[in-house]
């Protein structure tokens, strides 16, 4: 039941944001599908950055283990901050790409 509650909350805030955007800010409703596609493009970039960051982190941890003989845990890569920073990297790249056109 808690997951259904979260879906309802997100649905209600999305409808509220749509109403504010179309009536208050005067955004065109017809531009929404393009915005959704752009957001999914940005999320795809975030996944690629996350995979790249995890891969590079794994290589660094294993390389440092081999070079120093010290044990370094791979679990330090298991941090939500890495996902947030990957999303930030994707947002910057996406905005940069949009401004360069």
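The values are calculated or read from the model by the stated rules, or taken from the named source; none is laboratory data. Please read these numbers as outputs of a predicted model, since none were measured by experiment. Backbone-built Cβ (ideal geometry, glycine too); neighbour counts: all protein chains shown.
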Query - Single condition residue 25 does not satisfy, out of (1) surrounded by 10 or more Cβ atoms within 10 Å (Cβ to Cβ); (2) closer than 24 Å to residue 98 by Cβ - result: (1)
Query raised in the report: residue 27 passes all but one of (1) free of Cβ contacts under 8 Å to residues at least 24 places away in the same chain; (2) part of a helix (DSSP H, G or I); which number fails?
Result: (2)
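Could you list, in sequence order, all residues of the range 74-83 that are surrounded by fewer than 12 Cβ atoms within 10 Å (Cβ to Cβ) and either at pLDDT 95 or above or in a helix (DSSP H, G or I) (or both)?
Initially, the range 74-83 is screened for residues surrounded by fewer than 12 Cβ atoms within 10 Å (Cβ to Cβ), giving 75-76, 78-81.
75, 76, 80, 81 - these are the residues of the range 74-83 that are surrounded by fewer than 12 Cβ atoms within 10 Å (Cβ to Cβ) and either at pLDDT 95 or above or in a helix (DSSP H, G or I) (or both).
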Report summary line: If we keep only residues of the range 55-73 that are in contact with a helix residue (DSSP H, G or I) (Cβ under 6 Å, 6 or more places away or on another chain) and surrounded by 14 or more Cβ atoms within 10 Å (Cβ to Cβ), then the residue nearest to residue 94 (Cα to Cα) is 57
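For residue 16, are the conditions met, namely being in a helix (DSSP H, G or I), over 25 Å from residue 80 (Cβ atoms) and free of Cβ contacts under 8 Å to residues at least 12 places away in the same chain?
Working: in a helix (DSSP H, G or I): yes; over 25 Å from residue 80 (Cβ atoms): yes; free of Cβ contacts under 8 Å to residues at least 12 places away in the same chain: yes.
So residue 16 fits the description; yes.
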